[in-house]
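Novice: Encoded as structure tokens, here's the structure I'll be asking about.
The values are calculated or read from the model by the stated rules, or taken from the named source; none is laboratory data. All values derive from a computational prediction rather than experimental measurement. FYI the Cβ positions are ideal-geometry reconstructions off the backbone, even for glycines, and counts take in every protein chain you see.
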Amino acid sequence: MDKVGFPKQEIDTPALVIDIRKLERNIAKMASFVDDAGVSLRPHMKTHKCPIISQKQIAAGAIGVTCQKLGEAEVAASPKFFL
């Protein structure tokens, strides 16, 4: 269920709650930083454990994602990961 605009007290936990504008700004800032440095970015999925965020990072220029655990790699490799 979409909880956009709901008071935070009404959101069941655990839940990922983000400011989408800040997220997208930070992704763009990091993409620009690594592009200016002439290097590639492969962010770590354990940071957010959210395939949609990884998709946004890849769309911004990341060459993939790094996974520490098998379960993270299974999620990242799942056909459902790619919308």
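Novice: So, of the residues in region 19-48 that are in a loop (DSSP other than H, G, I, E, B) and free of Cβ contacts under 8 Å to residues at least 24 places away in the same chain, which turns out to be farthest from T66 (Cα to Cα)? Please lay out each step first, then the result.
Specialist: Looking only at region 19-48, we keep the residues that are in a loop (DSSP other than H, G, I, E, B), and these are 19, 38-43, 48.
Of the ones still in play, those that are also free of Cβ contacts under 8 Å to residues at least 24 places away in the same chain are 19, 38-41, 43.
Working: D19: 24, G38: 19, V39: 16, S40: 12, L41: 10, P43: 6 Å.
Looking at residues that are in a loop (DSSP other than H, G, I, E, B) and free of Cβ contacts under 8 Å to residues at least 24 places away in the same chain, I get D19.
Novice: Determine whether E10 is acidic (D, E), more than 13 Å from the chain's Cα centre (by Cα) and either surrounded by 11 or more Cβ atoms within 10 Å (Cβ to Cβ) or at pLDDT 80 or above (or both).
Specialist: Working: acidic (D, E): yes; more than 13 Å from the chain's Cα centre (by Cα): yes; either surrounded by 11 or more Cβ atoms within 10 Å (Cβ to Cβ) or at pLDDT 80 or above (or both): yes.
When the stated conditions are applied, E10 passes them.
Novice: Just one of the numbered conditions (1) of a type outside the set (F, W, Y); (2) under 30 Å from G5 (Cβ atoms); (3) exposed (fewer than 14 other Cβ atoms within 10 Å of the Cβ); (4) modelled with pLDDT under 95 is not true of K29; which one?
Specialist: (4)
Novice: Would you mind stating whether V34 is at pLDDT 95 or above and β-branched (V, I, T)?
Specialist: Yes, satisfied.
Novice: Please find, within region 54-78, the residue that is surrounded by the most Cβ atoms within 10 Å (Cβ to Cβ) out of those that are small (G, A, S) and part of a loop (DSSP other than H, G, I, E, B). I'd like the intermediate steps shown before the answer.
Specialist: At the first step, the residues of region 54-78 found to be small (G, A, S) are 54, 59-62, 64, 71, 73, 76-78.
Checking the rest, the ones that are also part of a loop (DSSP other than H, G, I, E, B) come to 60-62, 64, 78.
Details: A60: 18, G61: 15, A62: 20, G64: 14, S78: 10.
Going through the qualifying residues, I end up with A62.
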